[in-house]
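No value in this document is a laboratory result; all are computed from the given coordinates. Bear in mind the structure is a predicted one, so any value in this text is a computation, not a measurement. Neighbour counts run over all protein chains shown; Cβ positions are idealised from the backbone, glycine included.
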Amino acid sequence: GEDYEELRASVGLHLLDFDLFTESAAEREQAIWRFEMRDERQPKISLGNVLQMNLIELNKADRLGLPEGPLRAWITFFKHWQEELTMANVAHEPVKRAMSRIRELSADEETRRLAFVRERALRDEVSFLNDAKREGEKLGIEKGRQETLQEAEERVKEAEYRALESKRNAARKLIARTEMDDQAIAEIEELPVEDVEKLRGETQH
């Protein structure tokens with residue numbers, strides 16, 4: 001419903017992970033292509049840049065090298081985002097933000113994995129505590145000895161200690177592998193914030 005003069009250009013950007021044009025030496029030395037629509041009978045007549053298709057052959061562009069700038073930074077990102085040393089040399093701010101987002105997503109994945117491990121450990125903890133209590137009660141009834149009850153209590157304490165260590169180990173992993181703050185880790189692992197702060201200090205040393 002708007003004026004056609006206000007129509008914006010339609011630009012396609014295609015990133016190719018293979019070499020498309022390789023027939024001639026000139027084709028093999030070019031990695032960035034822009035195609036525009038032209039008339040078949042009068043190729044001098046074109047629609048200009050309002051309708052265009054841009055192709056970037058990533059392998060070729062990475063191999064040939066480009067002048068320093070945003071395009072080179074993005075090509076480096078797409079080809080080498082898993083290489084920390086290479087990406088450390090990229091100064092283009094949007095690419096650095098993209099790398100930061102990838103790290104966040106990776107951290108989220110690791111957090112989900114650790115949450116699953118923690119949930120399983122908690123189930124094991126409940127089962128272990130219940131088994132210890134039942135065994136203690138059974139032995140207490142059968143033998144009627146105070147020593148047996150004490151043994152059961154020690155087993156319960158041992159189970160509680162194991163559960164606490166499991167939470168602490170999970171917290172250590174979150175500290176080492178994510179950028180989460182102490183409060184968030186404490187809430188996930190159900191630990192006092194002071195304990196998490198202490199664990200962070202131990203990890204950094």
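Structure data summary
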{"read-out": "Trypsin sites (Lys or Arg not before Pro) restricted to region 14-73 and DSSP loop, no more than 10 other C-beta within 10 Å", "value": "ARG41, LYS44"}
{"read-out": "Per principal axis, descending, Cα span of region 1-79 in whole Å", "value": "44, 30, 20"}
{"read-out": "Euclidean distance between Cα centres, region 11-73 to region 158-200, Å", "value": "51"}
{"read-out": "Segments 124-134, 185-195 sorted - mean Cβ within 10 Å per residue, highest first", "value": "185-195, 124-134"}
{"read-out": "For GLU189, net neighbour charge (Lys/Arg +1, Asp/Glu -1) across residues whose Cβ lies under 12 Å away", "value": "-1"}
{"read-out": "Region 55-110 - convex hull of alpha carbons, volume per residue in Å³", "value": "91"}
{"read-out": "Cross-link pairs beyond the 29 Å C-alpha cut-off, checked among LYS96/LYS198; LYS60/LYS96; LYS133/LYS173; LYS133/LYS167", "value": "LYS96/LYS198; LYS133/LYS173"}
{"read-out": "Sites matching GluC sites (Glu not before Pro) across region 17-71 that sit in DSSP coil, with at most 15 neighbouring C-beta atoms within 10 Å", "value": "GLU23, GLU29, GLU40, GLU68"}
